[in-house]
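S.K.: Questions regarding the structure given below will be posed in turn.
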Amino acid sequence: MIKVVFFGTSTLSKCCLEAIFQDPEFVVCGVVTQPDKVNERNNKINFSAVKQFCIENNIPCFQPEKNIQIKTELAQLQADIGVCVAFGQYIHNDIINLFPYKIANLHPSKLPLLRGGAPLHWTIINGFTTSSLSVIELVQKMDSGPIWKQKDFKVNPNWNTGDLFEYVQTHAPQFLIQCLKEIVSGKSQWKEQINPPTFGLNIKKEQERLDLNLEPKAFINWVKGLAPKPGGWLEFEGQNIKILQATYLGKMTSTTAVGQITKISKQGIEIALANDEIVLLQIIQIPGKRAMGVSEIINGKHPFAEGKFFH
């Protein structure tokens, strides 16, 4: 039996934890996840998906502000290996060294490309046609440890970040389990990351505003890359309208001002980018309402009209 301490917080973390927990070759002897967060709207405490799974399955769960605070407790578990998936905290060297096989970290990019907390968003924003699941040894420097194994896959050109996440969530758990079994079996395949790194850091608030001066392909990639969350937006009459799906239509034959609505139909809202390029906004979200197709929105009262502007 392989004794595991799991570090993770997100929905992807929970899927990987569940797969490890259900595999008869593993024993999950402890889990470390981020502290609970308070919902600012209703003041209720929100548990991470990982903590909820631990409660349902009676797994010891630790939630330190800093993981070094629970060094003694983790040492007492005498686990063989640590596993990290989207944990959200740096893990102290003293914690890493508790485990004979260190800590294996799953990262959903073709490392050393897109080190950081938002590799899925940046895979789509950058228009990558391929990506990878990477299992690496966790070290102090972000996502820079030696690589155990990578599993490449094609990125569908129609995917947004949500679609990519679904793919990763489906395929990552069993790949991770395969790697963990190989690591503990003593096979030596670690390879240092040699190529220059790039970074896929967390999306900042100011990056959520879409740029109408981008080339059409880049604009569409930003729409897809920010969808469904956090959602890229454009300003319209003082409101931030989230643009969740858009398509490039082509170039106008006449000169059109950037951001101007040129046509509204059941297919969507046509607006101009720079250089008279036209994109079709298909799914949008008005503040306080759910995301809807434009065909549904125009059946009711709405503020959009030809000649008006997005900014």
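S.K.: Could you tell me which residue of the stretch 64-92 is surrounded by the fewest Cβ atoms within 10 Å (Cβ to Cβ), considering only residues that are part of a loop (DSSP other than H, G, I, E, B) and touching a Ser or Thr at 6+ places or on another chain (Cβ under 8 Å)?
M.R.: Gly88
S.K.: Further question on the same structure: Out of Cys15, Cys29, report the one residue that is of a type in the set (A, V, I, L, M, F, W, C) and within 13 Å of Gly82 (Cβ to Cβ).
M.R.: On inspection, the qualifying residue turns out to be Cys29.
S.K.: Exactly one condition in (1) over 16 Å from the mean Cα position of the chain (by Cα); (2) part of a loop (DSSP other than H, G, I, E, B); (3) at pLDDT 95 or above is false for Trp159; which is it?
M.R.: Among (1) over 16 Å from the mean Cα position of the chain (by Cα); (2) part of a loop (DSSP other than H, G, I, E, B); (3) at pLDDT 95 or above, Trp159 violates only (1).
S.K.: Picking from Ser144, Ser131, which residue would you name as being within 14 Å of the chain's Cα centre (by Cα) and outside the structural domain of Lys224 (by TED's automatic domain parsing)?
M.R.: Ser131
S.K.: Of the conditions (1) buried (at least 22 other Cβ atoms within 10 Å of the Cβ); (2) over 17 Å from Asn195 (Cα atoms), Cys61 fails just one. Which one is it?
M.R.: Unmet for Cys61, out of (1) buried (at least 22 other Cβ atoms within 10 Å of the Cβ); (2) over 17 Å from Asn195 (Cα atoms): (1).
S.K.: Answer yes or no as to whether Lys151 is of a type in the set (Lys, Arg) and under 17 Å from Gln169 (Cβ atoms).
M.R.: Yes, satisfied.
S.K.: Same structure, new question: Please determine, by comparing only the residues of the stretch 94-111 that are part of a helix (DSSP H, G or I) and touching a helix residue (DSSP H, G or I) at 6+ places or on another chain (Cβ under 9 Å), which one is surrounded by the fewest Cβ atoms within 10 Å (Cβ to Cβ).
M.R.: Going through the qualifying residues, I end up with Asp94.
S.K.: Among the residues of the stretch 224-270, what is the count of those that are in contact (Cβ under 8 Å) with a residue 40 or more places away in the chain and not in a strand (DSSP E or B)?
M.R.: Counting residues in the stretch 224-270 that are in contact (Cβ under 8 Å) with a residue 40 or more places away in the chain and not in a strand (DSSP E or B) gives 11.
S.K.: Hey, can you tell me all the residues within the stretch 132-151 that are touching a residue at least 24 places away in the same chain (Cβ under 8 Å), part of a loop (DSSP other than H, G, I, E, B) and out of contact with any His (no Cβ under 7 Å at 6 or more places or on another chain)?
M.R.: Within the stretch 132-151, Leu138, Val139, Gln140, Met142, Ser144, Gly145, Pro146 qualify.
S.K.: Criterion first (β-branched (Val, Ile, Thr), assigned to a helix (DSSP H, G or I) and at negative phi) does Ile194 satisfy it?
M.R.: no
S.K.: Kindly list, by first and then second residue, each pair from a residue in the stretch 5-21 that is within 23 Å of Lys71 (Cα to Cα) to a residue that is part of a strand (DSSP E or B) and of a type in the set (Gly, Ala, Ser), limited to pairs with Cβ atoms under 6 Å and residues at least 6 apart or on different chains.
M.R.: Val5/Gly30; Val5/Gly82
S.K.: Do you know which residues across the stretch 172-189 are hydroxyl-bearing (Ser, Thr, Tyr) and under 15 Å from Glu25 (Cβ atoms)?
M.R.: Selection gives Ser185 alone.
S.K.: Please find, within the stretch 152-198, the residue that is surrounded by the most Cβ atoms within 10 Å (Cβ to Cβ) out of those that are among the aromatic types (Phe, Trp, Tyr) and without any contact (Cβ under 8 Å) to a residue 24 or more places away in the chain.
M.R.: Filtering first and then ranking leaves Tyr167.
S.K.: List the residue pairs whose Cβ atoms are under 6 Å apart, where the first residue sits in the stretch 284-311 and is in the same structural domain as Ile269 (by TED's automatic domain parsing) and of a type outside the set (Gly, Ala, Ser), the second is surrounded by 13 or more Cβ atoms within 10 Å (Cβ to Cβ) and in a loop (DSSP other than H, G, I, E, B), and the two are 6 or more positions apart or on different chains.
M.R.: Hits for this filter: Gln285/Ala291.
S.K.: Only residues that are assigned to a loop (DSSP other than H, G, I, E, B) and modelled with pLDDT of 95 or more: list them for the stretch 36-62, please.
M.R.: Asn58, Ile59, Pro60
The values are calculated or read from the model by the stated rules, or taken from the named source; none is laboratory data. As the structure is a prediction and not an experimental result, all values here were calculated from the model. Counting neighbours? That spans all protein chains shown, and the Cβs are built from the backbone with ideal geometry, glycine included.
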